[in-house]
1. Pairs, please: C-beta under 7 Å, at least 6 apart or cross-chain, first residue closer than 17 Å to Gly89 by Cα and free of Cβ contacts under 8 Å to residues at least 24 places away in the same chain and in the range 115-134, second surrounded by 17 or more Cβ atoms within 10 Å (Cβ to Cβ) and of a type in the set (Gly, Ala, Ser)?
2. Take the residues in the range 54-79 that are hydrophobic (A, V, I, L, M, F, W, C) and assigned to a loop (DSSP other than H, G, I, E, B); name whichever of them is surrounded by the most Cβ atoms within 10 Å (Cβ to Cβ).
3. Tell me which of these Met116 doesn't satisfy, since it passes every other one: (1) surrounded by 18 or more Cβ atoms within 10 Å (Cβ to Cβ); (2) closer than 13 Å to Val72 by Cβ; (3) aliphatic (A, V, I, L, M).
4. Please go through the range 16-40 and pick out each residue that is hydroxyl-bearing (Ser, Thr, Tyr), more than 12 Å from Lys4 (Cβ to Cβ) and exposed (fewer than 15 other Cβ atoms within 10 Å of the Cβ).
5. Would you check if there is a residue in the range 80-93 being of a type in the set (Asp, Glu) and in a loop (DSSP other than H, G, I, E, B)?
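Each value in this text was obtained by applying a stated rule to the coordinates, not by laboratory testing. Please read all numbers here as calculations on a predicted model, not as lab measurements. Neighbour counts run over all protein chains shown; Cβ positions are idealised from the backbone, glycine included.
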Amino acid sequence: GIPKARVYIMTGDSYNYGWASGGDSILSEFGTLSLEFGYLSDVTYNRIYRDKVDNIRQFVNKLKKPRNLYPVYLSPDTGEWGQRHVTMGPLGDSFFEYLLKEWLRSGREAQDARKMYDEAMEAVMTHTLRTSIGGLMYFSEFNLKWLDEKMTHLACFSGGMLALGAHTLQTPQSARYM
């Protein structure tokens with residue numbers, strides 16, 4: 001399933017932040033555990049940690065994604081997307097970066113991570129990439145009904161991430177990413 005944000009160690013109870021939409025889990029949190037848990041499996045020689053995060057990625061990969069986009073809220077109880085807010089900024093940002101980094105960390109064996117990354121980048125470039133009056137490209141915020149034509153500061157990593165994706169695997173999209 002999808003983990004929650006916080007755990008009381010003494011009781012084992014878990015919960016999400018009160019401010020998170022509908023008590024949902026946040027994409028940039030549950031989607032960015034792979035590197036650390038993968039490393040933990042490597043140093044302990046115990047696959048349980050890697051298996052847990054692989055299960056999260058496989059679960060998310062199987063979900064129906066509206067327009068191939070990943071909304072930032074997911075219910076850990078129902079396994080369904082919450083609010084349909086899509087962003088390369090806060091609450092979504094690191095998820096995409098970690099898909100690419102997990103593929104690289106795995107020695108390019110985590111093909112599902114790379115496929116998810118490529119499909120997500122194609123979708124965000126199609127639906128949220130805009131060009132300003134001054135000719136600068138940016139990723140807008142999107143709620144699947146309308147664009148909020150602004151780019152938050154946490155989306156600034158996107159250019160470097162796209163360049164890394166293009167550099168590490170030459171695909172028909174590589175030139176577009178650069």
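1. Arg130/Ser140
2. Going through the range 54-79, the residues hydrophobic (A, V, I, L, M, F, W, C) turn out to be 56, 59-60, 63, 69, 72, 74.
Then drop every residue that is not assigned to a loop (DSSP other than H, G, I, E, B), which leaves 63, 69, 72.
Details: Leu63: 14, Leu69: 21, Val72: 26.
Top of the filtered list is Val72.
3. The one condition Met116 does not meet is (2).
4. Taking the range 16-40 as the starting set, the residues that turn out to be hydroxyl-bearing (Ser, Thr, Tyr) are 17, 21, 25, 28, 32, 34, 39.
Pick out the ones that are also more than 12 Å from Lys4 (Cβ to Cβ) and you get 21, 28, 32, 34, 39.
Within the range 16-40, just Tyr39 meets the criteria.
5. If we filter the range 80-93 for residues that are of a type in the set (Asp, Glu), which is where we start, we get 80, 93.
From what is left, the residues that are in a loop (DSSP other than H, G, I, E, B) are 80.
The answer is yes; a qualifying residue exists.
Here is a yes/no grid of residues against (1) surrounded by 21 or more Cβ atoms within 10 Å (Cβ to Cβ); (2) in contact with a helix residue (DSSP H, G or I) (Cβ under 8 Å, 6 or more places away or on another chain):
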| residue | (1), (2) |
| --- | --- |
| Trp81 | yes, yes |
| Ala123 | no, yes |
| Ser132 | no, no |
| Cys156 | no, no |
| Leu169 | no, yes |
